[in-house]
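The values are calculated or read from the model by the stated rules, or taken from the named source; none is laboratory data. This one's a predicted model, so the numbers in the text were calculated from it and none came from an experiment. Reconstructed Cβ throughout: ideal geometry from the backbone, glycine too, with neighbour counts over all protein chains shown.
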Amino acid sequence: MTSHTFARADINLSNWRARPYSTWSFQSVSEFVPSAVIRSARKQERPALDLGHFANLKVSNLTEETVGLENVLQESESDALVIMRDGEIIAEWQADHFDPDRPHIIFSISKSVTGLLAGILIDRGSLSPDELVSTYVPDALGSAYGDLKIRDLLTMTVAVDFSEAYLDKSGDYDRYRRAMLWNPERPDEPTPTLRELLCSLPRAAHEHGTHHAYRSPNADMAALVIEAASGQRYAELLEAAIWKPMGAYSDAFLTIDRAGNARSSGGLSMTARDLARLGELVRTGGNGILPRRLVDELWQGGNRDVWASGEQRLLYPGGSYRYFWYETGTGALTGMGIHGQQVWIDRASKTVIVRLASEALPVNDRLDQKVIAVMKAVSAA
């Protein structure tokens, strides 16, 4: 392995998300987890650029020093940065271990892609936000999703009793990750399929639609709804509705469980440049690929009062959440994933920025705020 001090044989399901292994495995997920291919136009990319004049941009690091952009990228365990302005890629940066031509897992930005697919089906009339999840997934009856409306699913205002604890090794989240084949199986406990696990999650006491709580299984349930409404598997729909029409250069990949259920909340891998191209669709109004009504709703945002009392309110004060996208309250839209993934879309400066990373911690609130400040500084530069 180029620029690595370990062997492939050192990496397995128990450590592939941990540094230093993640610096390689995040671009090789299909070696660990079964994956569906989302075919592209398979075009040859131009050679990677450098940071150009953005190398002179001064930003604040975690120790509150003012340093160059490249210093912050290196210190923050970044893998790559792509800056697109008015539809053209104008600057890039890659870590020594990063291959810009290989897809990189985007974790929960996958949710934002899932939201786009749901919006497409709603615009087609194949899916109604006022219908119940159980209309499309009858085996969800009796679970937290049985009496849930689609609109509340897409805003993460689901009353589900589930702990979003990424470092868990024995509870809800470990069981969830075993169901998606991301963690080693346990001989003392049978592993359910992802669908079986989702349809067994209990309801919380409060009413749906009243409280924003970020829970990854919600976006996986959205994939089951999307597949039932469209009559297509998730990867097939993404390929036909977005990936090929937008002219993606490289194939994307989606992790699946043993029954072929899509890990639509975090299992997508794609190149940084193709993620920027997807962000450009959202910036420009869909370009005939995404429905204009969907894009307008994304920029309008969701219920700010519900967001203001929800669990993520400190991430984007004054913001909101809709179709699994963050409306930041500062004129930008963003999708985010654990270990430092982000696509940032700023209409005012016609800018799309993609940062891919292999941060050691799944969530680092302080670092997240530094990266958000970098996104704003790059957009304004």
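So the values come out like this:
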item: Tabulated pairs, segment 144-167, first under 18 Å from Asn303 (Cβ atoms), second outside any loop (DSSP other than H, G, I, E, B) and small (Gly, Ala, Ser), C-beta under 7 angstrom, 6+ apart or interchain; result: Leu153/Ala222; Leu154/Gly115; Leu154/Ala118; Leu154/Ala222
item: Failed condition for Leu367, given (1) closer than 20 Å to Phe26 by Cβ; (2) under 17 Å from the mean Cα position of the chain (by Cα); result: (2)
item: Unique match (being surrounded by fewer than 17 Cβ atoms within 10 Å (Cβ to Cβ) and of a type in the set (A, V, I, L, M, F, W, C)) among Leu314, Leu333; result: Leu314
item: Single residue of Asn61, Asn71, Asn56 found to be over 23 Å from Ser22 (Cβ atoms), touching a strand residue (DSSP E or B) at 6+ places or on another chain (Cβ under 9 Å) and of a type in the set (S, T, N, Q); result: Asn56
item: Enumeration of residues in segment 314-351 that are part of a strand (DSSP E or B), under 17 Å from Leu268 (Cβ atoms) and of a type in the set (A, V, I, L, M, F, W, C); result: Trp325, Met336, Val343
item: Those residues of segment 276-296 which are touching a residue at least 12 places away in the same chain (Cβ under 8 Å) and in a helix (DSSP H, G or I), in sequence order; result: Ala276, Arg277, Leu278, Gly279, Glu280, Leu281, Val282, Arg283, Thr284, Arg293, Leu294, Val295
item: Selected residue [of a type in the set (D, E, K, R) and buried (at least 18 other Cβ atoms within 10 Å of the Cβ)] from Glu131, Glu77, Glu65; result: Glu77
item: Ser126 in contact with a helix residue (DSSP H, G or I) (Cβ under 6 Å, 6 or more places away or on another chain), surrounded by fewer than 21 Cβ atoms within 10 Å (Cβ to Cβ) and not aromatic (Phe, Trp, Tyr); result: yes
item: Tally, over segment 193-216, of residues that are closer than 17 Å to Ala262 by Cβ and either surrounded by fewer than 18 Cβ atoms within 10 Å (Cβ to Cβ) or modelled with pLDDT under 95 (or both); result: 2
item: Qualifying helices (runs of 4 or more DSSP H) (wholly inside segment 49-165; at least 2 residues being within 22 Å of the chain's Cα centre (by Cα) and β-branched (Val, Ile, Thr)); result: 109-124
